[in-house]
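Input: a single structure, listed below in structure tokens.
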Amino acid sequence: MTSDPTTVAKLDELLTAIRAYPDPRRAADEWKQAFRLLQKAGLPTGRVTGVVGMRDVAGLTTMIQELSAPAEAAPPAGEVPSEETCRLAMRAYRKRQALTQLDEESQLGRSPLSKGAATRPTAIIPPAEWPESVWQELARQGKLKYIGHGFYELPREANE
């Protein structure tokens, strides 16, 4: 997560401009600029999209505060998650994968004329409740495989 002082200052200016509107949801240009700056700052994409998509002023304020004081928001760099944390995160990952598979299988929009059953989703974005360092540690241990763009999957032998 980047805490560039100029980025934080620009985000503060945008937040002030957004709050100046009678209806903050109408500040489309300011929200677009804030979205771009938050993406560049390295905050989780899903969280940024949620705050900007819902035009959440309180959420934007929280993100700006996290960027201005990153040492308090993030765990120290180089700290390896505990084995218990990794175990709980892996359980959450498997639960998320099972729910994703059930959601995929329950789709009614498939044509009965199409060939075969639905494909099983193998890679998912892990739960956001756990920091990225936990998922990187699980990938380093070989329990998960990082395939890019925030997606992880179980290794082939564990997946079958």
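Listed values for region 47-56 are Karplus-derived 3J(HN,Hα) couplings in whole Hz (6.51 cos²θ - 1.76 cosθ + 1.60, θ = phi - 60°), namely 5, 4, 4, x, 5, 6, x, 8, 6, 8, and x replaces Gly and Pro.
Listed peptides 31-37, 15-21 appear in the order 31-37, 15-21 once ranked by packing, highest mean of other Cβ atoms within 10 Å at the front.
The calculated FRET efficiency for the pair residue 9 and residue 129, based on their C-beta separation and a Förster distance of 41 Å, comes to about 0.85. What you get for region 5-73, charging only the Cβ of Lys and Arg (+1) and of Asp and Glu (-1), is a dipole of about 240 debye around the Cα centre.
Extension gain for the segment residue 36 to residue 140, taken as residue separation times 0.36 nm less the Cα-Cα distance, is 34.4 nm to one decimal. Using the Cβ-Cβ distance between residue 28 and residue 62 with R0 = 25 Å, the FRET efficiency computed as 1/(1 + (r/R0)^6) comes to roughly 0.75. The HN-Hα couplings worked out from phi for region 149-154 by the Karplus form 6.51 cos²θ - 1.76 cosθ + 1.60 (θ = phi - 60°) are 6, x, 9, 10, 9, 6 Hz, whole numbers, x standing for Gly and Pro. Sequentially through region 122-139, phi angles give Karplus couplings (6.51, -1.76, 1.60; θ = phi - 60°) of 9, 10, 9, 7, x, x, 6, 5, 9, x, 4, 4, 5, 5, 5, 5, 5, 5 Hz, Gly and Pro residues having no value and appearing as x. Our estimate of slack between residue 69 and residue 100, defined as 0.36 nm per intervening residue step minus the Cα-Cα distance, is 7.7 nm. Note on residue 95: lysines with a C-alpha under 16 Å away, same-chain residues under 8 apart excluded, are 143.
Pull up the cross-link candidates among the aspartates and glutamates for residue 10, meaning alpha carbon to alpha carbon under 14 Å and not fewer than 8 places away within one chain. Here the aspartates and glutamates satisfying the reach criterion relative to residue 10 are 29, 30. As a proxy for reagent exposure, ranking 68, 82 by other Cβ atoms within 10 Å from fewest up yields 82, 68.
Only the coordinates and a few stated rules stand behind these numbers; no lab work does. Keep in mind it's a predicted model, so treat the numbers as computed, not measured. Neighbour counts run over all protein chains shown; Cβ positions are idealised from the backbone, glycine included.
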